[in-house]
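What follows is a short report on a single structure.
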Amino acid sequence: MKMRPTLTMVVITLMAGGATAQEPIDIGSRLELFVDDALIESFGGEARLQLHRPERREIVFRTDAPWEGNASAFCSVFQDGPLYRMYYRGLHYRHSGEPAQALDDHPWYLCYAESDDGITWRRPELGIFDFRGSTANNIVLTPEFLAEIGGDPAHTATWLDTNPACPPDERIKITIIGSKPKGMYVLASGDGVHFRLLSTTPSQTEGAFDSQNLMFWDPVRTEYCEYHRGFKDGVRAIMTASSPDILSFPPPQWLEYEDSPDEHLYTNQIQPYYRAPHIFMGFPMRYTDRNWSQPVLELPMLDERLARATAGRRYGTAVTDALFMTSRDGLRFKRWPEAFIRPGPRERESWVYGDNFIFWQMVQTRSHLEDAPDEISLYATEGYWEGTDTAFRRYTIRIDGFVSLSAPAAGGEVVTKPLVFDGGNLALNFATSGAGSVQVEIQEADGAPIEGYTLADCPEIYGDDLRFVVRWNDVGGDVRELAGRPVRLRFVLRDADLYSFQFVPWEPEPEYPDMTQFGALPGKNPDREPFIAVQDDFEGVPAGTSPTEEDLDPTEAPAGASGWVVREQTPDRVQVLNDDPPGSGNPGANRYVKLERRDESHQAGGALWLALSPQDIADCTDGVVEVSARIFVPSTSAERVDIDAVDAGVGTFSRRAFNVRFLPDGTVTYYSGDSHVVEELSITPDAWQEVQIRADLAAGTFDLTVEGKTATGLPFGEEGVNRIQTISFAPNRNNCIYYVDDVTARVEP
């Protein structure tokens, strides 16, 4: 016999050989849910844990058979292979309003229903027990059958015993209350309808037992657990014990809670979560007596409420709703104070004492949406104590979707405690808006980002997925090299919910179609040496001495292509010329590009763009890009001309790296939120000038050299830009002319 350890014993055990503040938590490859903060070290921004409520679906069953009634509850539901099984009590209360008088009193029974999908239920005619002269019913237990122990078939819990050592003819069990002597007893069955008593001695004797009292096999701790009701200082509370022997439990202990007030918990519905059995989930029904008041008199079905109150005031003034709680040791629980299921807006069969009783256990069912993953179905009572039947309503919630790590659009983040995992990929269950995102960084135990797994390496993840494998830019989804060593996870969210994560077995990277033709980038090549993205003196292009329509422009590349891209509305805004000096009309030996904007919008003026190839863009990420050119700025121009580099496509001036501006009076400026003069630099108008720009994309700064003089550490136009897609040469204002020659762009990955 084994007794569940006390909290003090748990703490001592953890300090002696488990996870402490200094030691990593070994999560192995198990699924971890954000139902508590057990793995969380810190919150940042507006991140929080958010309780989610299930969605109301259809009423799937009504207990309207003559042997059932309006007090049918204490239900259990589980899946047994392809079959869904439901067990519930057949009980009727006539001490209500006039509608309840239509059904006669009868003994208390345990009844059975089944389903092929968890949505449509049927009563099989079992032919086991007689009801008023017929065995055409679905009754599986009667008081007479349990007379030896004084058993109560109305207070039961039915479950599938998953203990590997359980005999096949005992695989489905019932926990039941008996009075000879008082305590919890166990029945067993092989087929789920014909049960036998395993012992006439109770398994547990300490407690009130006046509710649905549970037992189940705990596969993680390899023992049986039982949870039942007692009264602690006059408050309905929950007790527990554990044992390897289902027929003999030690004295129970009271559950303890994190920062939860004393509340009447009528039932407990505790169970190992079927996808992560190291986490216990409970769905207790909370009992609240609001006493007589004006709001009580405004609740639905006042006549029924007053009729019930004649048998006891609280039958008219008490209301019940459902809560959610979780535990990792089976003894200390985090209980959310907000209702998991509220009584709701219905104008009948609601706000009744006994409603919102969640059935014990949950099942996985097909989604109510076509082409969507399975969801979890829960069931709860409605219309308890009214009329002649109870309604069983189905509720659904996404898989793992009870609580999420959540952040609004303003963003937030969480860093975990040090963890040790086993696996090769990290999978997330998450949902975002169309503009939201999730990013993941893996850190050393001391919080230092691990190279290749930093936040900057993780593209923004968005969508709605139960098992999304995180992939970083260079390493892909492979985390095998980190398995077995202490790490932290940093989750950064914007308008997103993260429900669970799991380290799963490694799978090779998926084969995606070639998306570079659609503007997507390949992965960065970690072995690439420094390279020249472009080097052009325009000598290979036919040239003239005047801006006429007959002159040949540089070839314009199609959208999405790399190389030179010309943007102009009329042929003579971008010209390759050879007059010397520029603008003289006198032929010379050198070819160069003339860019002009007249008295017109910038969409109509000439601009020359260098578009890097997708691979070059990927490989310049966090590297160094050096741009050099000879430029000629006429003193007659009305305004400035630019060299601009952006992490965006041709024609888009957003996500600026550097933006350098040259004025016809010789002033040199750069843009970073505003225009800033570079005091130590100047150009000579009406003359060719050598310009070099060295951009450090990891640092977000650039050095600018003009005619041999250098200004260093100038900031980028925007923060967070760590790559360049396009570089442009263009007049910035109307009535400007700009000459450009000998352009080179060199990249150090």
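The values are calculated or read from the model by the stated rules, or taken from the named source; none is laboratory data. The model shown is predicted, which means the values in this text are computed figures rather than measured ones. Quick reminder, even Gly has a Cβ in these numbers, built from the backbone with ideal geometry, and neighbours come from all protein chains shown.
Under 7 Å between Cβ atoms, which residue pairs at least 6 apart in sequence (or on different chains) link something in the range 188-203 that is in the same structural domain as residue 83 (by TED's automatic domain parsing) and crowded, with 18+ Cβ neighbours inside 10 Å with a partner that is at pLDDT below 95 and of a type in the set (A, V, I, L, M, F, W, C)?
If the second residue must be at pLDDT below 95 and of a type in the set (A, V, I, L, M, F, W, C), no pairs are left.
From the residues in the range 458-477 that are over 20 Å from the mean Cα position of the chain (by Cα) and surrounded by 17 or more Cβ atoms within 10 Å (Cβ to Cβ), which one is modelled with the highest pLDDT? Let's see the steps before the verdict.
As a first pass, look at the range 458-477 and keep what is over 20 Å from the mean Cα position of the chain (by Cα): 473-476.
Next, only the ones that are surrounded by 17 or more Cβ atoms within 10 Å (Cβ to Cβ) stay: 473, 475.
Numbers: 473: 87, 475: 92.
My answer is 475.
Anything in the range 346-377 that is touching a Ser or Thr at 6+ places or on another chain (Cβ under 9 Å), farther than 30 Å from residue 266 by Cα and acidic (Asp, Glu)? List them, or say none.
Selection gives 374 alone.
Could you say which residue among 590, 578 is free of Cβ contacts under 8 Å to residues at least 60 places away in the same chain, polar (S, T, N, Q) and in a strand (DSSP E or B)?
Answer to the check: 578.
From the list 375, 370, 413, pick out the single residue that is farther than 30 Å from residue 284 by Cα and modelled with pLDDT of 95 or more.
413
Can you confirm whether residue 117 is at pLDDT 95 or above and surrounded by fewer than 19 Cβ atoms within 10 Å (Cβ to Cβ)?
Taking the combined requirement at face value, the residue satisfies it.
Write out, first by first residue and then by second, each pair whose Cβ atoms fall under 6 Å of each other, whose residues are 6+ apart or on separate chains, and whose first residue, in the range 508-532, is within 25 Å of residue 746 (Cβ to Cβ) while the second is exposed (fewer than 10 other Cβ atoms within 10 Å of the Cβ).
Once the first residue is within 25 Å of residue 746 (Cβ to Cβ) and sits in the range 508-532, no partner that is exposed (fewer than 10 other Cβ atoms within 10 Å of the Cβ) comes close enough.
When you scan the range 395-409, how many residues do you find that are assigned to a strand (DSSP E or B) and surrounded by fewer than 24 Cβ atoms within 10 Å (Cβ to Cβ)?
Number satisfying all stated conditions: 6.
Can you name the residue in the range 616-664 that is under 22 Å from residue 536 (Cα atoms) and without any contact (Cβ under 8 Å) to a residue 60 or more places away in the chain and, of all such residues, is surrounded by the fewest Cβ atoms within 10 Å (Cβ to Cβ)?
659
Give me the residue from the range 256-291 that is modelled with pLDDT under 95 and acidic (Asp, Glu) and, out of that set, farthest from residue 401 (Cα to Cα).
Among them, the one singled out is 289.
Could you count how many residues in the range 410-455 are within 16 Å of the chain's Cα centre (by Cα), surrounded by fewer than 17 Cβ atoms within 10 Å (Cβ to Cβ) and of a type in the set (D, E, K, R)?
Matching residues across the range 410-455 total 0.
Any chance you could count how many residues in the range 479-507 are surrounded by fewer than 18 Cβ atoms within 10 Å (Cβ to Cβ) and either over 26 Å from residue 277 (Cβ atoms) or out of contact with any Lys or Arg (no Cβ under 9 Å at 6 or more places or on another chain) (or both)?
Adding up the residues that qualify gives 7.
Quick check, is residue 494 in contact with a Leu (Cβ under 8 Å, 6 or more places away or on another chain) and farther than 19 Å from residue 614 by Cβ? Don't jump to the end; show me each part of the working.
Values: in contact with a Leu (Cβ under 8 Å, 6 or more places away or on another chain): no; farther than 19 Å from residue 614 by Cβ: yes.
Spelling it out, it is not the case that residue 494 is in contact with a Leu (Cβ under 8 Å, 6 or more places away or on another chain) and farther than 19 Å from residue 614 by Cβ.
Only one of 284, 300 is free of Cβ contacts under 8 Å to residues at least 60 places away in the same chain and farther than 30 Å from residue 38 by Cβ; which?
Just a single option satisfies the conditions, and that option is 300.
Can you find, within the range 80-98, the residue that is surrounded by the fewest Cβ atoms within 10 Å (Cβ to Cβ) among those that are touching a Gly at 6+ places or on another chain (Cβ under 8 Å) and within 21 Å of residue 394 (Cβ to Cβ)?
Out of the qualifying residues, it is 80.
Test residue 721 against the criterion of being buried (at least 16 other Cβ atoms within 10 Å of the Cβ), hydrophobic (A, V, I, L, M, F, W, C) and outside any strand (DSSP E or B), and give yes or no. I'd like the intermediate steps shown before the answer.
Working: buried (at least 16 other Cβ atoms within 10 Å of the Cβ): yes; hydrophobic (A, V, I, L, M, F, W, C): yes; outside any strand (DSSP E or B): yes.
Spelling it out, residue 721 is indeed buried (at least 16 other Cβ atoms within 10 Å of the Cβ), hydrophobic (A, V, I, L, M, F, W, C) and outside any strand (DSSP E or B).
It is to be established whether one or more residues within the range 103-112 are closer than 23 Å to residue 249 by Cα, assigned by TED's automatic domain parsing to the domain that holds residue 354 and at pLDDT below 95.
no
Residues that are touching a strand residue (DSSP E or B) at 6+ places or on another chain (Cβ under 7 Å) and closer than 24 Å to residue 391 by Cβ, at least 2 per element: which helices (runs of 4 or more DSSP H) completely within the range 255-372 meet that?
Because the criterion is at least 2 residues that are touching a strand residue (DSSP E or B) at 6+ places or on another chain (Cβ under 7 Å) and closer than 24 Å to residue 391 by Cβ, the helices (runs of 4 or more DSSP H) in the range 255-372 that meet it are 314-317.
Report the residue count in the range 338-362 for those that are modelled with pLDDT of 95 or more and either buried (at least 21 other Cβ atoms within 10 Å of the Cβ) or among the hydroxyl-bearing types (Ser, Thr, Tyr) (or both).
7
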